[in-house]
Amino acid sequence: MADGAENANTNVKPEKVEKNKSKKENVKRSKAFGVRNARIAHSERHRCNVAIKIVSKLQEATDYLEKFLPREIEVVKGLRHDNLIRYYQAIETTHRVYIIMEYAENGSLLDIIKRDGKIDDNRARKWFMELVNAVEYCHTKGVVHRDIKCENLLMDTSYNIKLSDFGFARNNMIKKNGQMRTSSTFCGSYAYASPEILKGIPYQPNTSDIWSIGVVLYAMIFGTLPFDDTTYQKLLKQVQKPVSFPRDVIISDSCKQMIIKLLAPLKVRLNISDIKNQPWSQRQTKVQLIKMSPNEQYLDG
């Protein structure tokens, strides 16, 4: 999806990327791990493997370098949650910016969906609620993500969700009256974008995050995206109709109702509190044996 011009704060001078040339990470460069423009390295300072996002000043668009990248760094510096990728440091050189962050060694949710086809109800609920908790934390802090999708949901050693990539995020979004500011940036991914974003009108970014959460849940349960994004017109038409479900996949009514209420018109779309109070969210199993990989199992009780 193309990046649009932000109506608010367009004249604000971009904040400088954190410079730390004298105290660089003592790292050993390693091979890429499947994320574009990123590398794995070992940090002696943090005593663990880290992921390094490498941004070329020569190749990236000026708009990204001057607005979105500084904003991303400013946002992630103030966040700390179990289900968010942890930010460690940003280093700027003449030609590149290196963002050093937590390394999630088990790939992305998208990788697991591609491998397994569909995610069983127990795993889907666990990961969905971890995502909800992460987004709730962000919104409470006045941060909206605006690019929630399966490839931005990474898995740590214990297969816990880690929301990543805050490249389109914004902070300081809560006004003095407690309401969220509106946004007009046309950003994110078409397939996960809410109807109001696709219409190109000012929108509440927190409620659009909720829509994206619904798309993620649908993708986990059915192994496919709910809407056809091959053309803009087709997508816009689909998102304004009630979501449809594949006939060959049987799911519980409580799960179906959750998806329907997430992928709903703005006026009736669930908020975070509503999500947590839905029957499917509160459903628990005494012992769940969840298959994570061919040679590993996760015990969730």
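What follows is calculated from the coordinates using simple rules that are stated; it is not laboratory data. No experiment lies behind these values; they were computed from the predicted model shown. Cβ coordinates were reconstructed from backbone atoms using ideal geometry, including for glycine residues, and neighbour counts include every protein chain displayed.
Quick one: dipole size for the stretch 215-255, taken about the Cα centre, charges +1 on Lys/Arg Cβ and -1 on Asp/Glu Cβ, in debye to the nearest 20.
160 debye
3J(HN,Hα) couplings calculated from phi for the stretch 107-117 with the Karplus curve 6.51 cos²θ - 1.76 cosθ + 1.60 (θ = phi - 60°) are, in sequence order, x, 10, 4, 4, 4, 5, 5, 5, 6, 9, x Hz; Gly and Pro show x. A viscosity of 0.692 mPa s and a temperature of 37 °C, combined with the Kirkwood radius over Cα pairs in Stokes-Einstein, give a translational diffusion coefficient for the stretch 102-159 of 266 µm²/s.
With 23 Å as the limit, write out which pairs from Lys176/Lys199; Lys199/Lys261; Lys118/Lys256; Lys199/Lys241; Lys53/Lys118 have Cα-Cα distances beyond it, or answer none. Beyond 23 Å: Lys176/Lys199; Lys53/Lys118. Full extension of the chain between Ala61 and Arg47 gives 1.6 nm of extra length, using 0.36 nm per residue less the Cα-Cα distance. Across all C-alpha atoms in the stretch 116-269, the radius of gyration and Dmax reach 15.2, 49 Å.
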